[in-house]
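Participant: Below you'll find the structure I mean.
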Amino acid sequence: MSNVLLQHVGMASSMDIMHNLREMCGQQNQGARQIAIKGLVSTIMVEGTPVRDHMLKMMGYLNELKILGAMLDAESQVNMVLASLPPSFNDFVMNYHMNKLSVTLTELLNHLQSIEDLQKKNKKILFLS
């Protein structure tokens with residue numbers, strides 16, 4: 001038997017074993033959670049890069065945090081993403097907050113892609129004029 005299993009043989013109940021295992025894994029998860037949080041809060045979308053790539057990166061960090069046991073409500077997740085957007089999305093962010101919208105991350109991705117498409121069309125129109 002492995003050392004971890006031998007350690008658990010003397011415990012009184014399965015609840016004790018589960019508690020002990022959670023403590024052992026929790027220490028490893030804490031470091032991974034810290035790395036994911038740092039990645040999430042330090043990610044800022046660079047102007048001109050695809051919003052889809054940025055959103056998928058942010059959603060990846062948020063999913064990783066969820067798996068690691070971090071509790072972030074949906075509104076906080078959306079606010080973190082909105083805070084990471086470049087100035088070209090300021091009108092959308094202001095509209096979002098003024099109208100007290102509530103969307104999922106997938107819906108936000110779709111809205112942001114629509115805004116990005118409109119911005120590209122407007123640039124082409126201005127360039128051709």
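Participant: Given q = 0.27 Å⁻¹, what are the Debye log10 I(q)/I(0) values for the stretch 26-78, with equal point scatterers placed on the Cα positions and solvent ignored?
Facilitator: Log10 I(q)/I(0), no solvent term: -1.09.
Participant: Which of His111, His54 has the fewest other C-beta atoms within 10 Å, and how do the rest follow up to the most?
Facilitator: Ordered by Cβ neighbours within 10 Å, fewest first: His111, His54.
Participant: Separate question: Would you order Leu72, Leu108 from fewest to most other beta-carbon atoms within 10 Å of each residue's own beta-carbon?
Facilitator: Leu72, Leu108
Participant: Would you mind putting 36-47, 93-104 in packing order, based on average other-beta-carbon counts within 10 Å, highest first?
Facilitator: 36-47, 93-104
Participant: Calculate, for Gln34 and Leu56, the FRET efficiency according to 1/(1 + (r/R0)^6) with r their C-beta to C-beta distance and R0 30 Å; round to the nearest 0.05.
Facilitator: 0.85
Participant: I've got another one for you. Given R₀ = 41 Å, FRET efficiency for Ser42-Asn20 by Cβ-Cβ distance, to 0.05?
Facilitator: 0.75
Participant: If the cut-off is 18 Å between C-alpha atoms, which aspartates and glutamates fall inside it for Lys121, apart from same-chain ones fewer than 8 positions away?
Facilitator: Glu47, Asp91
Since every read-out is calculated from the coordinates, none of them should be taken as a lab result. Bear in mind that the values here come from a model prediction, so they are computed numbers and not experimental data. Note that we place each Cβ from the backbone using ideal geometry, even for glycine, and neighbour counts take in every protein chain shown.
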